[in-house]
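Shown next, in structure tokens, is the structure this report addresses.
The values are calculated or read from the model by the stated rules, or taken from the named source; none is laboratory data. Everything quoted here is computed from the prediction, not taken from an experiment. Cβ atoms come from the backbone with ideal geometry, glycine included; neighbour counts cover every protein chain shown.
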Amino acid sequence: MSNAVIPPGATIGILGGGQLGRMTALAAASLGYKCHIFCPEKDAPAAHVAEASTVADYSDRTALKKFAKSVAVVTYEFENIPYEPVAELDTLVAVRPSPTVLRIAQDRVREKDFLNNVAGAATAKYRPIASLADLIGGVEEIGRPAILKTARMGYDGKGQVPIRADTDLAQAWTKLSDAMPAPIEGVLEGFVDFEREVSAIVARGLDGKTASYVAVENRHENHILAQTIAPARVAFETARRAEAIARHVAEKIGLVGIMGVEMFVTTEGTLLINELAPRPHNSGHWTIDACVTSQFEQVVRAICGLPLGNPRRHSDAVMDNLIGDAVHRWPEILKDPDAKLHLYGKREARPGRKMGHVTRLLPRKEELPGG
């Protein structure tokens, strides 16, 4: 596909209709682009703010071909999209990040193989699991505690089974098997004694230039991101190392777009990559209000071949997700003149569902070497 700049006025196609697509479409509009949303769900949040939308299954080839003709470039807002139709779509119109990036990031085993064997980046110990015998052998090798996960489709704690000292492995395997269709593909990951989780978000353009945001600290509740603190409360060297790792991985994987790299900071101060997310990341929502260029504007710039914007933050920030019924706090949040409220337009507040977020800005503190 051509690497020519896609000028404002063109239409960007977005696979997926959630809040990440919504905020990308809003950023695209500010640069003069239109957006066309493609997703299976009706009344999707992203479709509310886009010029056009197609409601169809991702495997609907006729709909995909028509979609491809209407857009200048395609991106995606989550990884759980079948690889094959995206690869076919890439023969009709540029898909950025590439289907190759999607294929790596949507499979935990493939992702960890890439990180360890290609990028030279460290992860927790892991073993692919396709049977109870694999699980028994993996636990003997890696030890307990550990965690058994589906290789694909799991997020926000879904598709995960903890392996503790007293866990019956046959029952654990049955539980995982019930959570996914055959053939069953899983991964066993060793337990990481970590001090905190951080993430680093990096953008990479068509010209290979990168722009990275300051590393941030993430707090989870029930396996769902609850709060992001920017910058992360870690040593200066640790933060810079996390950002450097993200840039290195982006280059090795051939990213064109934006990617969140989730990492564990161990009690010894080392960094282990947990997951890659080749699209805007929940831990980057604070950049809308606190940075010269938000992660959403940045992804538009990257996939359209524009120069990347300055990722520098003008403020520190704390971002809290509004999960489930927490969205009903919007009246009190709006009474706080310093709170920046972002609602996603979802009709129903369900437990565990991300309904919005609120960002509070703080005076920027310069990071100092050593702390």
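Please verify whether L362 is at negative phi and at pLDDT below 95, treating the condition exactly as stated.
No, not satisfied.
Among the residues making up segment 312-353, those that are assigned to a loop (DSSP other than H, G, I, E, B) and closer than 27 Å to A232 by Cα are R312, H314, D336, P337, D338, Y344, G352, R353. Among the residues of segment 299-321, the ones that are aliphatic (A, V, I, L, M) and over 18 Å from the mean Cα position of the chain (by Cα) come to 4 in all.
Applying the condition of being among the basic types (K, R) and in a helix (DSSP H, G or I) to segment 247-297 and asking which residue is surrounded by the fewest Cβ atoms within 10 Å (Cβ to Cβ) yields K252. Scanning segment 57-88 for residues that are buried (at least 16 other Cβ atoms within 10 Å of the Cβ), free of Cβ contacts under 8 Å to residues at least 40 places away in the same chain and among the aliphatic types (A, V, I, L, M) gives A63, L64.
Within segment 211-252, can you find the residues that are at pLDDT below 95 and among the β-branched types (V, I, T)? Listed by number, the list holds a single entry, I224. Here segment 323-364 is the region considered, the condition is being free of Cβ contacts under 8 Å to residues at least 60 places away in the same chain and basic (K, R), and the residue that is surrounded by the fewest Cβ atoms within 10 Å (Cβ to Cβ) is K335.
Among the residues in segment 136-150, are any of a type in the set (D, E, K, R), under 28 Å from R61 (Cβ atoms) and not assigned by TED's automatic domain parsing to the domain that holds D57? Taking every residue of segment 136-150 in turn, none turns out to be of a type in the set (D, E, K, R), under 28 Å from R61 (Cβ atoms) and not assigned by TED's automatic domain parsing to the domain that holds D57.
The selection criterion, being within 30 Å of C291 (Cβ to Cβ) and either surrounded by fewer than 20 Cβ atoms within 10 Å (Cβ to Cβ) or more than 24 Å from the chain's Cα centre (by Cα) (or both), does not hold for N218. Looking across segment 12-33 at every residue that is in a helix (DSSP H, G or I) and touching a strand residue (DSSP E or B) at 6+ places or on another chain (Cβ under 7 Å), the one that is surrounded by the most Cβ atoms within 10 Å (Cβ to Cβ) is identified as T24. Highlighted here are the strands (runs of 3 or more DSSP E) found entirely within segment 53-157 that include at least 1 residues which are under 29 Å from G208 (Cα atoms) and touching a helix residue (DSSP H, G or I) at 6+ places or on another chain (Cβ under 6 Å): 73-76. Can you give me the number of residues within segment 269-298 that are within 14 Å of the chain's Cα centre (by Cα) and among the charged types (D, E, K, R)? Count: 2. Per the conditions (1) touching a Leu at 6+ places or on another chain (Cβ under 9 Å); (2) surrounded by fewer than 21 Cβ atoms within 10 Å (Cβ to Cβ); (3) at pLDDT 95 or above; (4) not small (G, A, S), the sole criterion not satisfied by L115 is (2). For N282, the test of being under 26 Å from R96 (Cβ atoms) and in contact (Cβ under 8 Å) with a residue 12 or more places away in the chain is passed. Of the residues P351, P311, P307, the single one that is at pLDDT below 95 and out of contact with any His (no Cβ under 6 Å at 6 or more places or on another chain) is P351. When the criteria are applied in full, A232 fails the requirement of being touching a strand residue (DSSP E or B) at 6+ places or on another chain (Cβ under 6 Å) and either without any contact (Cβ under 8 Å) to a residue 24 or more places away in the chain or not in a loop (DSSP other than H, G, I, E, B) (or both). Would you confirm, using the coordinates I've provided, whether L206 is part of a loop (DSSP other than H, G, I, E, B), buried (at least 22 other Cβ atoms within 10 Å of the Cβ) and hydrophobic (A, V, I, L, M, F, W, C)? Answer is no for this residue. How many residues are in contact (Cβ under 8 Å) with a residue 60 or more places away in the chain and within 16 Å of V202 (Cβ to Cβ) if we restrict to segment 302-316? Summing the residues that are in contact (Cβ under 8 Å) with a residue 60 or more places away in the chain and within 16 Å of V202 (Cβ to Cβ) in segment 302-316 gives 8.
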